[in-house]
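Visitor: Before I ask anything, let me first share the structure, which is written out below as structure tokens.
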Amino acid sequence: MKAALFDLDGVVFDTEGQYTVFWGQQCREFHPERPGLEHEIKGQTLVQIYDAWFSGPLRDKQALITERLDRFEQQMDYRYVAGFQEYIALLRRRNVQTAVVTSSNRQKMLAVYGAHPEFQGMFDAILTSEDFAASKPDPDCYLRAARRLGARPEECVVFEDSFNGLRSGRAAGMTVVGLATTNAAEAIRPLCDHVIGDYTALLAADIDPHQSSSI
């Protein structure tokens with residue numbers, strides 16, 4: 001493993017449950033005819049959500065939802081997934097390059113940096129939605145991250161939790177580790193090389209997921 005590429009929500013931070021609450025409120029208000037829509041849109045960018053569900057007669061609601069989301073993200077609890085800080089430190093000691101590859105925008109990342117001043121120092125690169133030509137499940141984001149770190153796809157391990165993110169890593173030709181923080185392990189297993197609940201399993205076994213056949 002030359003490079004470890006991490007999605008953000010549900011992978012670095014245990015935030016997906018908070019987003020489910022936020023989008024559940026918006027979906028019940030604007031799409032009461034579609035119960036559970038907040039689960040369908042997991043892993044999608046804001047542009048994708050707007051294009052699919054808040055266009056046409058709801059286009060004028062986009063500014064309101066964006067304002068609500070900005071306020072929500074400023075107040076979120078950015079709690080690290082168990083074992084992440086220790087695992088990223090281990091990778092750094094072993095000279096494995098690291099990057100965040102997220103569909104979040106730079107505005108949201110300012111809230112992250114405010115909550116965790118140490119965050120940027122953990123990674124060699126941070127790629128946001130503004131850096132991609134196409135969003136997940138397209139592999140563009142992970143291929144761009146690999147190029148920025150000077151790594152070939154086969155030298156990279158992707159850590160993801162959403163279906164679109166897992167498909168993106170697979171399409172990029174990288175080893176994919178799925179975190180069962182957002183979806184059930186059984187649901188994501190077909191899209192992963194390995195499934196973990198959090199990083200404590202990797203730390204306990206001192207496993208390189210690029211070399212291991214099972215976790």
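The values are calculated or read from the model by the stated rules, or taken from the named source; none is laboratory data. Please read these numbers as outputs of a predicted model, since none were measured by experiment. Glycine also receives a Cβ, built like all others from the backbone with ideal geometry; neighbour counts cover every protein chain displayed. These accessible areas exclude ligands, DNA and RNA; they are computed on the full protein's heavy atoms, side chains included. Shrake-Rupley method; radii C 1.70, N 1.55, O 1.52, S 1.80 Å.
Visitor: Within the range 83-106, identify whether any single residue is within 26 Å of residue 20 (Cβ to Cβ), at pLDDT below 95 and over 15 Å from the mean Cα position of the chain (by Cα), and answer yes or no.
Guide: no
Visitor: Within the range 22-66, work out how many residues are within 17 Å of the chain's Cα centre (by Cα) and open to solvent by 60 Å² or more (accessible area, probe 1.4 Å).
Guide: Qualifying residue count for the region: 3.
Visitor: Only residues that are more than 19 Å from residue 10 (Cβ to Cβ) and in contact (Cβ under 8 Å) with a residue 12 or more places away in the chain: list them for the range 116-137, please.
Guide: 124, 125, 130, 131 - these are the residues of the range 116-137 that are more than 19 Å from residue 10 (Cβ to Cβ) and in contact (Cβ under 8 Å) with a residue 12 or more places away in the chain.
Visitor: Moving to a separate point now. Can you list residue pairs whose Cβ atoms sit under 8 Å apart, with the first residue in the range 46-66 being over 19 Å from residue 128 (Cβ atoms) and the second being among the hydrophobic types (A, V, I, L, M, F, W, C) and open to solvent by 50 Å² or more (accessible area, probe 1.4 Å)? Count only pairs 6 or more apart in sequence or on different chains.
Guide: Matching pairs, first to second residue: none at all.
Visitor: With the checklist (1) surrounded by 16 or more Cβ atoms within 10 Å (Cβ to Cβ); (2) at pLDDT 95 or above; (3) not hydrophobic (A, V, I, L, M, F, W, C) in hand, flag the one item residue 14 doesn't pass.
Guide: (2)
Visitor: Here's something else I'd like to know. Quick one: what pairs do we get from the range 144-168, first residue free of Cβ contacts under 8 Å to residues at least 24 places away in the same chain and over 20 Å from residue 83 (Cβ atoms), second open to solvent by 40 Å² or more (accessible area, probe 1.4 Å) and assigned to a helix (DSSP H, G or I), C-beta under 9 Å, 6+ apart or different chains?
Guide: Listed pairs, sorted by first residue: 153/143.
Visitor: Given (1) touching a residue at least 12 places away in the same chain (Cβ under 8 Å); (2) over 17 Å from the mean Cα position of the chain (by Cα), identify the lone condition not met by residue 73.
Guide: The one condition residue 73 does not meet is (2).
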